[in-house]
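What follows is one structure encoded as structure tokens, with my remarks underneath.
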Amino acid sequence: MPIDAPTPHVTAGPRVGLRPFTPGDAAEFTARAAESTALHRPWLFPPLTAERYAAYAGALTGDPSRAGFLVCEHGGDPGAGGPIAGFLTVNNIVRGAFRSGALGYGAFAHAAGRGLMGEALGLLLAHAFGPMDLHRLEANIQPGNAPSRALVRRAGFRLEGFSPAMLFIDGAWRDHERWAVTAPCG
Ligand SMILES: CC(C)(COP(=O)(O)OP(=O)(O)OC[C@H]1O[C@@H](n2cnc3c(N)ncnc32)[C@H](O)[C@@H]1OP(=O)(O)O)[C@@H](O)C(=O)NCCC(=O)NCCS
């Protein structure tokens, strides 16, 4: 593969593909995250500097309890990497009898509201319940985060419960709804 070839997709659909975070994505990721603060706050705080991106991406790629995927829109030129539309992470992966992980995600502003994250989440579910050999994915969402609740509901997640003061976000312990989906049992 040529040295500047785009990183291959792990999985792809009609409009987007998922691929790993790489060190070379730092400039685009942090620029798009900076453009997206109005969309992300107060729910999400992705890295905005090269140094923080390196720590974030490094932790996602070097830890079996985590996985991360960039959501990339297909490029216009054959072989060209498309723009990064957002990202999906799977955290707190536990194996054994649980085979579960906790989702994180964000769209970038230029891509939001176009159905790209919905397609990406569908791809991630198939990948998680296939090659990643997980049985369950959960998404913990603050009750006021309507776009996030809508995204997981459309993807087939069910509301399993409510946990007061569950996660420390933006300087305080925030209540969360616990949404989850399990693999089709066969
Ligand atoms: C949550 C978040 C990732 C959802 O992203 P999104 O861009 O709204 O999601 P989608 O790409 O699926 O787009 C959803 C909308 O696009 C619409 N849409 C437009 N074109 C579409 C198409 N061709 N196909 C499917 N849907 C399309 C959908 O109908 C949907 O509209 P609706 O919400 O009015 O029903 C985004 O709002 C975000 O980044 N929020 C801030 C970060 C955050 O909250 N993270 C999660 C913390 S728990």
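Numerical summary
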item	result
Output for segment 15-58, where each listed residue is charged (D, E, K, R) and touching a residue at least 40 places away in the same chain (Cβ under 8 Å)	15, 19, 25, 28, 32, 35, 41
Filter result (under 27 Å from residue 42 (Cβ atoms) and more than 11 Å from the ligand (Cβ to nearest atom)) within segment 117-127	124, 125
The lone exception for residue 168 - which of (1) in contact with a strand residue (DSSP E or B) (Cβ under 7 Å, 6 or more places away or on another chain); (2) within 18 Å of residue 44 (Cα to Cα); (3) aromatic (Phe, Trp, Tyr) it fails	(1)
Segment 27-64, subset of a type in the set (Gly, Ala, Ser) and within 16 Å of the chain's Cα centre (by Cα), residue surrounded by the most Cβ atoms within 10 Å (Cβ to Cβ)	33
Selection within segment 133-148 - under 18 Å from residue 165 (Cα atoms), near the ligand (Cβ under 8 Å from one of its atoms), free of Cβ contacts under 8 Å to residues at least 60 places away in the same chain and not aliphatic (A, V, I, L, M)	140
Subset of segment 159-184 [farther than 20 Å from residue 90 by Cβ and assigned to a loop (DSSP other than H, G, I, E, B)]	170, 171
So residue 156, is it within 25 Å of residue 48 (Cβ to Cβ), outside any helix (DSSP H, G or I) and within 16 Å of the ligand (Cβ to nearest atom)	no
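Read-outs: derived from the displayed coordinates by stated rules, not from any lab. Everything numeric here is computed off the predicted structure, so don't read it as measured data. For neighbour counting, all protein chains shown are included, and Cβ atoms are generated from backbone atoms with ideal geometry for every residue, glycine included.
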